Each structure stands twice: as structure tokens, then as C-alpha cells.
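The values are calculated or read from the model by the stated rules, or taken from the named source; none is laboratory data. Note that the structure is predicted; figures quoted are calculated from it, not measured. Here the Cβ positions follow ideal geometry from the backbone for every residue, glycine too, while neighbour counts run over all protein chains shown. Side chains are part of the model used for accessible areas, which takes the heavy atoms of the whole protein and leaves out ligands, DNA and RNA. Shrake-Rupley method; radii C 1.70, N 1.55, O 1.52, S 1.80 Å.
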Amino acid sequence: MEASLDLENQQMMEGSSQTLQIDRRSARFPCCIVWTPLPVISWLVPFIGHIGICREDGVILDFAGPNFVCVDNFAFGPVTRYLQISKAKCHINSQQSAYDADDQCGQDEIGRDACTWDDALRKSTQEFQHKSYNLFTCNCHSFVANNLNRLGFQSGGWNVVNLAAFIFLNGRWVSKASMVGTFLPFVVVFGLGIMFGGWTFLTFLAFFTFVLVGWFLLGTYCFKNLIQL
């Protein structure tokens with residue numbers, strides 16, 4: 001297990017710290033949040049999916065299982081939506097090389113941590129390599145929210161709910177085909193459900209959506225220790 005974690009940390013630290021251009025064909029999305037639909041769940045609720053965050057060289061990091069952060073192997077399929085984060089809106093040190101500090105961050109004039117982008121991602125990755133994955137309490141959104149808070153993006157305060165809304169409202173499609181591929185299963189399932197299930201299917205779908213969304217709303221804003229970040 002320790003050897004596996006060391007290998008993942010080594011992969012995390014490889015590559016240039018310079019921000020590159022987005023390359024959709026090579027799946028390189030520097031300083032971006034990336035999203036892809038989840039099997040079954042996204043067929044019923046298309047705005048819920050799997051999410052990750054990218055290093056400065058565009059390599060994707062995503063929390064995909066117990067004690068496991070994927071590096072450059074986005075779980076559940078290729079990226080369909082992305083949103084590039086402006087470093088100007090983050091509390092990071094854009095001058096220091098990402099891996100010259102030996103895992104130590106400096107401090108700004110008011111004493112807060114002043115890490116580089118990749119420093120922050122590396123620290124979150126190391127933290128989540130020791131966390132158990134749970135779809136309802138500690139998932140991929142928890143990982144990305146943790147990264148954004150560590151980066152100080154828009155002064156922090158990120159959680160699984162406002163992060164999901166943020167990428168849904170502001171994310172850009174990789175291509176028209178990716179948009180079709182995201183919504184087509186929902187349209188097919190919805191059409192077949194109406195055809196064969198009628199109001200029973202609609203009731204089930206409304207109940208499923210209400211319970212799923214309600215869980216995360218309650219866990220985020222009412223029981224604040226329930227969903228981990």
C-alpha cells in the first residue's frame with residue numbers, strides 16, 4: 001500500500017509547473033475542474049456526475065475509491081465538461097516553482113499559506129489517499145471542494161452543493177458530441193419510462209431526485225460534519 005501511495009505521489013510531482021493551453025484531444029485541461037456523467041445516476045439525474053481537478057500541466061486528478069486518487073486516468077470515461085479556474089481569483093504563489101519548496105508553503109503578508117497551484121493539489125491528494133470513499137459522505141466532489149478551499153478560490157467556502165451548481169451552470173462542453181452523449185441516455189430512459197411506466201415512473205424519478213439532492217443539502221447545510229471535505 002505504501003509503495004502504491006509513493007508511486008502516485010511521484011506521478012503527481014512529474015511534469016512542468018507551467019500552465020499549458022487546453023488540449024481536448026489529449027485530455028489536458030490545465031487548472032480546470034472537469035466533469036463526466038456517471039453510469040445510471042446521470043441517466044436519471046443528468047446534472048449529477050463525476051468530477052475532478054487538473055494540475056497546471058493539465059493532468060487530471062480525481063478521488064475514485066477508498067484511499068485512491070486517480071492520476072491521468074479519469075474514472076467513468078472521458079471529460080465532457082470543463083471549467084478553467086483563474087489563478088488571479090486564487091490565493092496562491094504564482095512565482096514559486098510548484099516542487100521547489102519540499103512540501104512547505106510560504107506565507108503572505110497576513111500570515112496565510114501561499115502555496116502554488118500544484119502544491120495545493122498535492123496536499124489534497126495526500127490527504128485523500130488516507131480517506132475512505134463513500135458516495136454519500138466523502139466523494140469526488142469532496143476532493144475538488146477541498147482543493148478549491150486550499151487554493152482559496154473566490155475566498156473559499158466551497159462544498160459539494162455549490163461546487164456541483166458551479167460546474168453545472170458555468171462548465172463548457174468539450175464538444176457537441178459530448179453534450180449529446182450526456183443527455184441522450186437521460187432522454188432514452190425518460191422516454192421509455194413514460195411509455196411503460198407513466199405516472200409511476202415520474203413519481204419514482206421525482207422521489208429519487210428529491211432524496212438524492214435533499215441528502216446533500218441537509219448534509220452540507222444542516223449537519224455540517226456529515227459530508228467530509
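Is it the case, given these coordinates, that residue 208 is touching a residue at least 40 places away in the same chain (Cβ under 8 Å), open to solvent by 30 Å² or more (accessible area, probe 1.4 Å), part of a helix (DSSP H, G or I) and in contact with a Leu (Cβ under 8 Å, 6 or more places away or on another chain)?
In short, yes.
For every residue, the table says whether it meets (1) over 15 Å from the mean Cα position of the chain (by Cα); (2) over 16 Å from residue 31 (Cα atoms); (3) part of a helix (DSSP H, G or I).
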| residue | (1), (2), (3) |
| --- | --- |
| 132 | yes, yes, no |
| 147 | no, no, yes |
| 226 | yes, yes, no |
| 229 | no, yes, no |
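Here are 74, 47: which of them is among the aromatic types (Phe, Trp, Tyr), surrounded by 18 or more Cβ atoms within 10 Å (Cβ to Cβ) and outside any strand (DSSP E or B)?
74
Looking for something more than 22 Å from residue 50 (Cβ to Cβ), open to solvent by less than 20 Å² (accessible area, probe 1.4 Å) and not in a helix (DSSP H, G or I) - is there at least one such residue anywhere in region 115-128?
So far as region 115-128 goes, yes, one or more of its residues are more than 22 Å from residue 50 (Cβ to Cβ), open to solvent by less than 20 Å² (accessible area, probe 1.4 Å) and not in a helix (DSSP H, G or I).
Restricting to region 214-229, count the residues that are closer than 29 Å to residue 129 by Cβ and open to solvent by less than 60 Å² (accessible area, probe 1.4 Å).
4
So how many residues does region 149-204 have that are in contact with a strand residue (DSSP E or B) (Cβ under 7 Å, 6 or more places away or on another chain), part of a helix (DSSP H, G or I) and either open to solvent by 30 Å² or more (accessible area, probe 1.4 Å) or small (Gly, Ala, Ser) (or both)?
Of the residues in region 149-204, 2 are in contact with a strand residue (DSSP E or B) (Cβ under 7 Å, 6 or more places away or on another chain), part of a helix (DSSP H, G or I) and either open to solvent by 30 Å² or more (accessible area, probe 1.4 Å) or small (Gly, Ala, Ser) (or both).
Could you tell me which numbered condition residue 221 fails, if it satisfies all but one of (1) within 24 Å of residue 164 (Cα to Cα); (2) at pLDDT 95 or above?
(2)
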